[in-house]
Ligand code: MG
């Protein structure tokens, strides 16, 4: 089912998205080598709860996800479990995927952070993954199709020889975290679901430095690259408005 939200519901989506903007900025300012991914998780949990919102990943799925954030380090693509024993090292990259629900309306977004000095080819991967999101965003408007978005992301990333993960994809969002339509990071222009005013979607490129093949760790959550090369992830919650796309989880003033 595709949910069509009205103007009032868009305002609630914005309020929920604003909380994640704060999460991302505090983590950006505090992240450093020596912190555990559990420490980062705690920051997100405390901010979300301080707004009387609910972390939507916590206890989600089977087995129940034990964190507020998915903390995916280096070769982890998505769904990494935050751990006290996972200490961030100089040169790591950490993707923080986080969701919250406020007054029944969801926000879901991700940033990949550089921890200290990072190898140039890895820093480039992170930067271009973010750029690929914005290539896709150009098509997040009325009348365009999800295939237009996927094609834009895929074309940009593959031009650098990167792998585009296909088994996981963006999604519709609203009163539930994951709903139709699916928003793959690959596709053909003119194919897929047509976007309409009132829809809300997440675009979330998951891009690898090597091959696009992935596998799941025995913890039943963490998805890693098969070749062990780093992966980057970037995501925002986007409202399809008559004036074009509006990202609820992105601070337009700071550009972050
Ligand atoms: Mg998502």
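Values as computed for the structure displayed
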{"item": "Conditions (1) buried (at least 24 other Cβ atoms within 10 Å of the Cβ); (2) more than 20 Å from residue 127 (Cβ to Cβ); (3) more than 14 Å from the ligand (Cβ to nearest atom); number of the one not met by residue 243", "result": "(1)"}
{"item": "Close pairs (7 angstrom Cβ cut-off, 6 or more residues apart or separate chains): on the phi > 0 side of the Ramachandran plot and modelled with pLDDT of 95 or more in region 228-240, part of a loop (DSSP other than H, G, I, E, B) and surrounded by fewer than 24 Cβ atoms within 10 Å (Cβ to Cβ) anywhere", "result": "228/75"}
{"item": "First in region 171-198 and in contact (Cβ under 8 Å) with a residue 12 or more places away in the chain, second anywhere and within 13 Å of the ligand (Cβ to nearest atom) and assigned to a loop (DSSP other than H, G, I, E, B), Cβ under 6 Å, 6 or more apart", "result": "171/178; 177/56; 182/169; 183/169; 184/169; 185/205"}
{"item": "Residue check for residue 77: in contact with a helix residue (DSSP H, G or I) (Cβ under 6 Å, 6 or more places away or on another chain), assigned to a strand (DSSP E or B), within 15 Å of the ligand (Cβ to nearest atom) and touching a residue at least 24 places away in the same chain (Cβ under 8 Å)", "result": "no"}
{"item": "Residue 129 vs. criteria out of contact with any strand residue (DSSP E or B) (no Cβ under 9 Å at 6 or more places or on another chain) and modelled with pLDDT of 95 or more", "result": "no"}
{"item": "Which numbered condition residue 47 misses (of (1) away from the ligand (no atom under 16 Å from the Cβ); (2) without any contact (Cβ under 8 Å) to a residue 40 or more places away in the chain; (3) farther than 22 Å from residue 11 by Cα; (4) buried (at least 21 other Cβ atoms within 10 Å of the Cβ))", "result": "(3)"}
{"item": "Residue within region 123-136 that is more than 19 Å from the chain's Cα centre (by Cα) and either over 27 Å from residue 193 (Cα atoms) or part of a loop (DSSP other than H, G, I, E, B) (or both) present", "result": "no"}
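The values are calculated or read from the model by the stated rules, or taken from the named source; none is laboratory data. Source: prediction; values computed, not measured. Reconstructed Cβ throughout: ideal geometry from the backbone, glycine too, with neighbour counts over all protein chains shown.
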